[in-house]
Amino acid sequence: MIRVLCLALVLFGTPAFAVQPDEILSDPALEQRAREISKGLRCLVCRNENIDDSNAELARDLRLLVRERLVAGDSDAETIDFIVERYGEYVLLNPRAAGSNLILYWAGPGMLVFALLAAGFYLRTRSRANPDGETKLSEQEAKRLAEIMRE
């Protein structure tokens, strides 16, 4: 019984789109543009969920704002720029690679290059430090070892 319930939750428990019927535009081309823009905008309440999938009131307000801007004649870029100007760049699910975000974009690859260089330097100095792999005992150490072995 539990397996059947779990299977039902997996199959039928997937979230439905949160777009309400009263939000949908009559022009299919504008509605498609609004959906594409909404997929790239973050719900500020739910975090890491786009506004098209969120049931939050703020997400609904953002969906309506996107549709208002498109009906007013704004392009997709102008609509996104308006929302970013109003709510900040955090509203974008995929932040722009400009300004201070460049630090975030280049930090990972930069640290990888630094780690590879450090590892190469370490391995190079380690291989030069002891090329034979063995160290010779001094005369005093050899005598002491001989004494220990006799005992």
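Among the conditions (1) free of Cβ contacts under 8 Å to residues at least 40 places away in the same chain; (2) at negative phi, Gly88 misses just one, which is (2). For beta carbons closer than 8 Å, sequence separation of 6+ or different chains, a first residue in the range 29-43 that is among the small types (Gly, Ala, Ser) and a second that is loosely packed, with under 13 Cβ neighbours inside 10 Å, the qualifying pairs are Gly40/Asn94.
The set of residues in the range 119-151 that are at pLDDT 85 or above and among the acidic types (Asp, Glu) comprises Glu139, Glu141, Glu147. Set side by side, the residues Val66, Val91, Val45, Val71 differ, and just one is in contact with a Lys or Arg (Cβ under 6 Å, 6 or more places away or on another chain) and aliphatic (A, V, I, L, M), which is Val91. If I filter the range 137-151 down to residues being of a type in the set (D, E, K, R) and assigned to a helix (DSSP H, G or I), which single residue comes out as surrounded by the fewest Cβ atoms within 10 Å (Cβ to Cβ)? Only one residue tops the list, namely Arg150. Within the set Asp74, Asp61, Asp81, the sole residue that is assigned to a loop (DSSP other than H, G, I, E, B), assigned by TED's automatic domain parsing to the domain that holds Leu25, within 31 Å of the chain's Cα centre (by Cα) and not aliphatic (A, V, I, L, M) turns out to be Asp74.
Taking the range 84-99, which residues are loosely packed, with under 11 Cβ neighbours inside 10 Å and part of a helix (DSSP H, G or I)? Listed by number, the residues that qualify are Glu85, Arg86. Being out of contact with any helix residue (DSSP H, G or I) (no Cβ under 6 Å at 6 or more places or on another chain) and under 30 Å from Ile24 (Cβ atoms) narrows it down to one of Arg86, Arg67, so name that one. Just a single option satisfies the conditions, and that option is Arg86. Quick one: is Lys143 within 30 Å of Pro28 (Cβ to Cβ) and either outside the structural domain of Ile24 (by TED's automatic domain parsing) or touching an Asp or Glu at 6+ places or on another chain (Cβ under 7 Å) (or both)? In short, no.
The values are calculated or read from the model by the stated rules, or taken from the named source; none is laboratory data. Since the model is a prediction, treat every value here as computed from it, not as a measurement. Positions of Cβ are backbone-derived with ideal geometry, glycine not excepted, and every protein chain shown enters the neighbour counts.
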